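One structure is given below, encoded as structure tokens.
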Amino acid sequence: MKAAIFLGTKKIEIQEIPKPKPGENQVLLKVIGCGVCGTDSHIFSRQLKVAKPPVVLGHEFTGEIEAVGTGVKNFQPGQIVSVDPVLACGTGEFCHSGRPHLCPRPTVIG
């Protein structure tokens, strides 16, 4: 599959990379659209050094489910989805009180 790989300051290259397979409780998405936000722009110019090259940037995207891993129950191939790139820790006070958007220890994908 093709991906835009961030290689360093102001350098992105389209490369062919292996298509991943979804693991347990994961889905594989075919990206339909991806936005470029301020974070991506700051990473590209290296004003923000949160991404270590080489890496695929982009965390604002939508896609079609292409495959599902074992344990996935509520999603199926062909569904169109949008992605929340922030994964709450699931263990803290905010996560347990139904406010995972306030989690102080999130993982951000993309």
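Please treat every number below as a calculation from the coordinates, not as lab data. In this text, all values refer to a predicted model and were calculated from it rather than measured experimentally. Glycine gets a Cβ as well: all are built from the backbone with ideal geometry, and neighbour counts include every protein chain shown.
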What residue among Ser82, Ser41, Ser97 shows peak mean-square fluctuation when the chain is described by a Gaussian network model with Cα springs under 10 Å? Ser97
When the C-alpha atoms of the chain are aligned to their principal axes, what extent does each axis show, in angstrom, from largest down? 40, 34, 20
With the dipole of the chain worked out from charges on the C-beta (+1 for Lys and Arg, -1 for Asp and Glu) around the Cα centre, which of Gly98, His42, Ile17 lies farthest toward the positive end? His42
Unit charges on C-beta of K, R, D, E only; dipole of the chain, Debye: 320
Any idea what the relative contact order of the chain is, in percent, if you count C-alpha pairs under 8 Å spaced at least 6 apart? 24
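Per DSSP helix of 4 or more residues, -39500 (n - 2.57); summed, then divided by the residues of the chain. What does that give at 222 nm, rounded to the nearest 500?
Counting only the DSSP helices, I get -2000 deg cm²/dmol.
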Name the residue, out of Gly78, Gly98, Gly58, whose mean-square fluctuation peaks in a Gaussian network model built on the chain with Cα pairs under 10 Å. Gly98
